[in-house]
Amino acid sequence: MTEPIVLYDIPRILRDGETEADMSWSPNVYKTSAALNIKGLPFKRVWVDFKDVAGVLSKLGVPPHKTGNLQYTCPTIYDPATKRAIMDSQEILTYLEEQYPEKPSLFPAHTRALQVAFIDNILPRLLMNVAPTLTLDLYGLVIEESRPYFREARARDFGIPIEQVMSHGDARAKNLSAFQSVLEDVLKWMAANGEGAPYVTGDVPSNADLYFAGVLVFIKRIGGKDHDLIKVISTVGNGRMLKYVEDTERLA
Ligand SMILES: N[C@@H](CCC(=O)N[C@@H](CS)C(=O)NCC(=O)O)C(=O)O
């Protein structure tokens, strides 16, 4: 019997009533676990604290990122069938599509260019409004021993301490309203698929869905039910956006 693929993931602290599945919060890891599930490829998760990511992943022999502040990141997978370790959600997806062509694809025919256009449009708009409204919430759920590492690494990424990343008052209201506009745009575009089509790409989920859903599921898992961002999600499209989040959360 083939051994399951190993997926390296970063855990978070659980709140009362949450289960191990809620421990996964990363939008990038979401893309990979959802892709593995959609493709029906069995996998097991290995939890690695923020502070240990570089140490654990470098031992797998995966080459470090050539650009950016971080040399090693999750998701990373190890596939025992080919004895290969691959890092980066998009590199992993390319590998899975090539290695397992008989499995469902995340690129329905003729959608690649439109998927890239969708991702390039929505991702910066989401991140520029989610970072100032959620970063400290994430920090609060980082495993205690990894907090100094997280604080230092994010200050390096943002160029300012994490407290200063957060917006307040009018600035926060603007972030929330801009976040709402992205969701409204996506619902408007999805309406072109016809009534009730569950995904951006219609009846089947795609890489574009996983990018978008990854951020929304991240908000749900980190913010919890009372966060302002979740309240925005709940109001958009009379519950249709919340349903999208709940449906896509089940993919991962
Ligand atoms: N481009 C990468 C980005 C991965 C990434 O940034 N992962 C974060 C978690 S969301 C991480 O591993 N951070 C480790 C750290 O901050 O040291 C991908 O798509 O996989």
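The values are calculated or read from the model by the stated rules, or taken from the named source; none is laboratory data. Here the structure is a predicted model, which is why all the values come from computation and not from measurement. Note that each Cβ is placed from the backbone with ideal geometry, even for glycine, and that neighbours are counted across all protein chains shown. Accessible surface is based on the protein model in full, side chains and every heavy atom, while ligands, DNA and RNA are left aside. Shrake-Rupley method; radii C 1.70, N 1.55, O 1.52, S 1.80 Å.
Here the condition is being part of a helix (DSSP H, G or I) and away from the ligand (no atom under 16 Å from the Cβ); of T133, T94, it holds for T133 alone.
Checking the structure you have, find out if any residue of segment 31-54 is among the polar types (S, T, N, Q), farther than 24 Å from R147 by Cβ, crowded, with 16+ Cβ neighbours inside 10 Å and touching a strand residue (DSSP E or B) at 6+ places or on another chain (Cβ under 9 Å). There is at least one residue in segment 31-54 that is among the polar types (S, T, N, Q), farther than 24 Å from R147 by Cβ, crowded, with 16+ Cβ neighbours inside 10 Å and touching a strand residue (DSSP E or B) at 6+ places or on another chain (Cβ under 9 Å).
Selection of segment 173-222 for residues being part of a loop (DSSP other than H, G, I, E, B), in contact (Cβ under 8 Å) with a residue 12 or more places away in the chain and within 30 Å of T19 (Cα to Cα) yields P198, V200, V204, P205, S206. List the pairs whose first member sits in segment 74-88 and is over 21 Å from G214 (Cα atoms), whose second member is part of a strand (DSSP E or B) and charged (D, E, K, R), and whose Cβ atoms are under 8 Å apart, counting only residues at least 6 apart or on separate chains? Pairs found: Y78/R84; A85/D79. Residues in segment 2-19 that are open to solvent by 20 Å² or more (accessible area, probe 1.4 Å) and closer than 21 Å to Y95 by Cα: 4 in all.
Here is the figure for segment 1-55: residues that are of a type outside the set (D, E, K, R) and part of a loop (DSSP other than H, G, I, E, B) total 16.
If I filter segment 30-43 for residues that are of a type in the set (A, V, I, L, M) and near the ligand (Cβ under 9 Å from one of its atoms), do I get at least one hit? Looking through segment 30-43, none of the residues is of a type in the set (A, V, I, L, M) and near the ligand (Cβ under 9 Å from one of its atoms).
Report whether or not A155 is modelled with pLDDT of 95 or more and out of contact with any Pro (no Cβ under 7 Å at 6 or more places or on another chain). Considered against the rule, which asks whether it is modelled with pLDDT of 95 or more and out of contact with any Pro (no Cβ under 7 Å at 6 or more places or on another chain), A155 comes out as no.
For segment 185-235, the set of residues classified as open to solvent by 40 Å² or more (accessible area, probe 1.4 Å) and within 15 Å of A34 (Cα to Cα) consists of V204 only. Among the residues making up segment 59-91, a single one is open to solvent by 50 Å² or more (accessible area, probe 1.4 Å), small (G, A, S) and within 12 Å of the ligand (Cβ to nearest atom): G68.
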